[in-house]
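Step one of this worksheet: look at the structure below.
The values are calculated or read from the model by the stated rules, or taken from the named source; none is laboratory data. Note that the structure is predicted; figures quoted are calculated from it, not measured. All Cβ positions, glycine included, derive from the backbone under ideal geometry; neighbour counts span all protein chains shown. Accessible surface is based on the protein model in full, side chains and every heavy atom, while ligands, DNA and RNA are left aside. Shrake-Rupley method; radii C 1.70, N 1.55, O 1.52, S 1.80 Å.
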Amino acid sequence: MIRHLAAWIGYPLAEWYQGRTIRAKAAELRREWKIPFAERLLLRQRQLAAALARAGANVPYYRDLFRQHRFDPARVADDPRWLADLPYLTKDIVREQGSRLLSTAHPIAELQPRQTGGSTGPSTIIFYSPDALDWTAAVNLVALEWAGKRPQCREVHLASRFPEEFAWRDRVKEHLKGAVLNRVNIFTDSFDPRSLEQVWRRLSRLRPHLIQGHPSTLYALAVHLGECQLDARGAFQVFESTGEVLDAKKRRKISETFGCDVVDRFGNAEFGIVAYERLGTPDHSLALFDGIVWPETRSHESGQHELVFTALRNDAMPLVRYRTGDLGELWTTASGFSIRNIAGRVHDLVRIAGRHYPTHYLQDLLDRIGGIDEFQVEQRPDGTLVLWLVVGDSG
């Protein structure tokens, strides 16, 4: 009962105390989703044109770029194909331009940095305004609703276990955040039987509605439980896959072992959650949150298509025609844009001191250190492990 009250009352109180407007934005997303797509598309074109106009007026990089290409944002409201007059934006350009990509309309002190993970290129810092962060949080609320989660339903997040001891203020803050979101963190590092058994014991006690994490972690746990001949069905209702590509093999194994629904989501540090698989989608395609980004694709040298997005809600550091580095197919259906057959972000295992660690865990550790743009792990035949690091200018 206390947990249910905390979930229903705690979130509005926390939102009010922090001066945020997340639930109102979530309500707006729900209302707009009910608008027929043909009408919603016209709305998005107008929003795209307005976002481009603000970028051209307030961001030094785009002010020069628009002048150079004689680009008129107003044209996009009638025909988004005018957007193709602009070149693509890449991580290299973002890193090179730095503060020239920040809007002069937003005080620097209020901006919040988010670091990309480096799984699709060098690690990069993206800045958000408080309002833009509220939009990303609102999308998360709506996405979880699509997975059947309500405030009273417990959620488990699989998080990396870091070696250092965090300050008590940070621990208290994380505890309060968990209470408000009705979320519990289960910390993981290696895929060894002992570590997986600890995860399973904690998970079987909590019995959440939804568990969110890397598919490789849940797949490793499913294989471990199968080898132990343990019945794990009913431990939770929904697995939400994030951070890696969810392939058919992992999806099937996780679903069969735990007797759960499996949904995929796609997002990144640059935009937040961009697309989400609604429960019961036959082809496992992901519905795109068109209120957050305008989508495109470009031909990739692999013969596939690269996903390209333009931000609609983050005026502080607007990304226009940004190449994500992720490959996938963009489709238009009667209800909206959808993405399927996402490729990339494939992680591996490395053996260190007799234990197997997923590379996404190593990536999280290196992100904690900071100043590292890229890394590569070389596992040599004699068992020697070599870690190659590309250190940034500030490293």
Here the residues within the range 153-176 that are modelled with pLDDT under 70 and open to solvent by 80 Å² or more (accessible area, probe 1.4 Å) are 161, 163, 165, 168, 170, 171
Inside the range 274-290, the number of residues satisfying the requirement of being buried (at least 21 other Cβ atoms within 10 Å of the Cβ) and in a strand (DSSP E or B) is 5
Given the conditions (1) buried (at least 18 other Cβ atoms within 10 Å of the Cβ); (2) at pLDDT below 95; (3) not small (Gly, Ala, Ser), every one holds for residue 22 apart from (2)
Note on the range 250-273: residues without any contact (Cβ under 8 Å) to a residue 40 or more places away in the chain and farther than 16 Å from residue 215 by Cβ are 259
- Given the structure, is residue 266 touching a Cys at 6+ places or on another chain (Cβ under 9 Å), open to solvent by less than 60 Å² (accessible area, probe 1.4 Å) and of a type in the set (Phe, Trp, Tyr)? no
Over the range 9-40, the set of residues of a type in the set (Val, Ile, Thr) and touching a residue at least 40 places away in the same chain (Cβ under 8 Å) is 21, 22
Here the residues within the range 121-145 that are open to solvent by 30 Å² or more (accessible area, probe 1.4 Å) and not charged (D, E, K, R) are 125, 127, 130, 136, 140, 141
Residue 253 vs (1) touching a Lys or Arg at 6+ places or on another chain (Cβ under 9 Å); (2) at pLDDT 95 or above; (3) of a type outside the set (S, T, N, Q): all pass except (1)
Counting only helices (runs of 4 or more DSSP H) entirely within the range 1-106, those with at least 1 residues that are more than 20 Å from residue 310 (Cβ to Cβ) are 2-18, 22-33, 37-58
Filtering the range 52-84 down to residues that are of a type in the set (A, V, I, L, M) and closer than 20 Å to residue 295 by Cα yields 52, 53, 55, 74, 76, 77, 83, 84
